[in-house]
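Input: a single structure, listed below in structure tokens.
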Amino acid sequence: DDNGTLETLSCEVWDRWQSLLCQVDHADGTVIQDFGLGCDRYGILPTQTNGMHDIVCNEQQVARWTGDEYVWDEG
């Protein structure tokens, strides 16, 4: 969020559904947001919205930061 400290995107495989469960954390460890959309891959894009990097699910679905939460594109 451009405050000089790094946030972290961490993921683990949920064996029951064979999908990734991920979360974005502040540097102090507090959770910004959880993701569990059943994506095969998540990635951090170089683009930013409201000071936070956009996140991609699979190849095309993008989440953008509103200032309070990540919201996924309808595509």
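Accessible surface for the chain, divided over its residues, is 67 Å² per residue with a 1.4 Å probe.
Would you please give the FRET efficiency between Thr47 and Val71, computed as 1/(1 + (r/R0)^6) with r the Cβ-Cβ distance and R0 = 22 Å, to the nearest 0.05? Using R0 = 22 Å, I get an efficiency of 0.90.
With the convex hull drawn around the C-alpha atoms of the chain, the volume per residue stands at 89 Å³.
Measuring nothing but how far apart in sequence close Cα pairs (under 8 Å, 6+ apart) lie, relative to its length, the chain scores a relative contact order of 20 percent.
Remark: the Asp40-Arg16 segment gains 7.2 nm on full extension, using 0.36 nm per residue and subtracting the alpha carbon distance.
The values are calculated or read from the model by the stated rules, or taken from the named source; none is laboratory data. Quick caveat: nothing in here was measured; it's all calculated off a predicted structure. Note that we place each Cβ from the backbone using ideal geometry, even for glycine, and neighbour counts take in every protein chain shown. Accessible surface is based on the protein model in full, side chains and every heavy atom, while ligands, DNA and RNA are left aside. Shrake-Rupley method; radii C 1.70, N 1.55, O 1.52, S 1.80 Å.
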